[in-house]
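The values are calculated or read from the model by the stated rules, or taken from the named source; none is laboratory data. For clarity, every value in this text was computed on a predicted model and none was experimentally measured. Positions of Cβ are generated from backbone atoms using ideal geometry, with glycine treated the same way; all protein chains shown enter the neighbour counts. SASA here: full protein model, heavy atoms, side chains in, ligands and nucleic acids out. Shrake-Rupley method; radii C 1.70, N 1.55, O 1.52, S 1.80 Å.
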Amino acid sequence: MSQEESKDRAGRPRGFNEEAALEAAMRVFWSKSYQGATMADLTEAMRINRSSIYAAFGDKEELFRRVINRYRNGPMSFIREALSRPKLHDVVSGLLYGTVEFLAAPGNPRGCLAIQGALACGSEAEPVKLAMTEWRRAGEATLKKRLQQAQREGELPSDTIPADFARYLSTVMAGLGVQAVNGATRAEMRRIADLAISNLGFQRQL
């Protein structure tokens, strides 16, 4: 972090670790959702007062957007890694089994912030809900593009519609998130991924 980045909007050095505070905010939103998280929840978890939050991160919506970016490049980075794999089997396995490992990781809140963070919000939180919807759509579009590449390379049958395949995989991954919220174990979620892999005609990952 640069010297300028370590200063608040008044130009004074910040007396807290911004990365640690952002991590704490991410976990609050992850466990309570955007609308369910109160400023009292955030100040307690981040260990800073409201004025420091506004100075460093802006209002609650701006903070949530910062959190989403951190979530995308942190806990959800396995998706980018999976999509970069050269073979379609490895891409699909990386996405599904990676989702299981992510959801089953000790210490993480249950479920997925991308799904439950702002799925149901009041009208005042509509911009956040729309931003999350666009994020999910963008992820699906990226997946569709990778599947189109696989089709051009002969790994995906010509009669398969990449957009539908992308929606299918996104649905399975979101469903795993719901199962995690319901208390499904790592072993149970892996069996779900096994079934999906098998139904797609791929071999089960050992």
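Using every alpha carbon pair in the range 54-149, what percent of pairs falls into each 5 Å bin from 0 up to the bin containing the largest distance?
2, 12, 19, 22, 19, 14, 8, 4, 1, 0
Given a 1.4 angstrom probe, I'd like the percentage of the accessible area of the chain that is carbon and sulfur, rounded to a whole number. Could you put the intermediate results ahead of the total?
Numbers: 5680 of 11140 Å².
Here carbon and sulfur together make up 51 percent of the probe-accessible area.
Given a cut-off of under 8 Å on Cα pairs at least six residues apart, what relative contact order in percent is computed for the chain?
Details: 182 pairs, mean separation 42.2, N = 206.
Taking the mean separation of contacting Cα pairs over the length of the chain, I get 20 percent.
Output ³J(HN,Hα) for the range 166-182: one whole-Hz value per residue in order, computed from phi by the Karplus curve 6.51 cos²θ - 1.76 cosθ + 1.60 with θ = phi - 60°, and x for Gly and Pro.
Ordered by residue, 3J(HN,Hα) equals 4, 5, 4, 4, 4, 5, 5, 5, 5, x, 4, x, 5, 4, 5, 4, 6 Hz.
Could you order peptides 194-200, 109-115 by the average number of other Cβ atoms within 10 Å of their residues, highest first?
Details: 194-200: 15.1, 109-115: 20.1.
Descending mean neighbour count gives 109-115, 194-200.
If I fit a long axis through the Cα atoms of helix 18-32 and take the longest principal axis of the Cα atoms of the chain, what angle between them do I get, 0 to 90°, rounded to 10?
60
Once Rh is set to the Kirkwood radius over Cα pairs, what Stokes-Einstein translational diffusion coefficient, in µm²/s, holds for the chain at a temperature of 37 °C and a viscosity of 0.692 mPa s? Intermediate results must be reported in sequence, preceding the final value.
Numbers: Rh = 18.6 Å.
D, rounded to a whole number, is 177 µm²/s.
For Glu140 paired with Ala163, estimate the spin-label separation in nm (one decimal), with each label point 7 Å from Cα along the Cα-to-Cβ line.
1.0
Longer than 23 Å from Cα to Cα, which of Lys60/Lys129; Lys87/Lys145; Lys60/Lys144; Lys87/Lys144; Lys32/Lys60 are they? Say none if no pair is.
Details: Lys60/Lys129 14 Å; Lys87/Lys145 14 Å; Lys60/Lys144 32 Å; Lys87/Lys144 15 Å; Lys32/Lys60 14 Å.
In this structure, Lys60/Lys144 lie more than 23 Å apart at Cα.
Can you list the HN-Hα couplings for the range 42-59, worked out from phi with the Karplus curve (6.51, -1.76, 1.60; θ = phi - 60°), rounded to whole Hz and with x for Gly and Pro?
With coefficients 6.51, -1.76 and 1.60, one gets 5, 5, 5, 5, 7, 6, 9, 8, 4, 4, 5, 4, 5, 5, 8, 10, x, 7 Hz.
Counting only heavy atoms of the protein chains, get the accessible area per residue of the chain (1.4 Å probe) and round it to a whole Å² value. Write down the numbers at each step before the final one.
Working: 11140 Å² over 206 residues.
Per-residue value: 54 Å².
Please compute the modelled spin-label separation between Lys87 and Glu153, points set 7 Å along Cα→Cβ, answer in nm with one decimal.
Simple spin-label model gives 1.1 nm for this pair.
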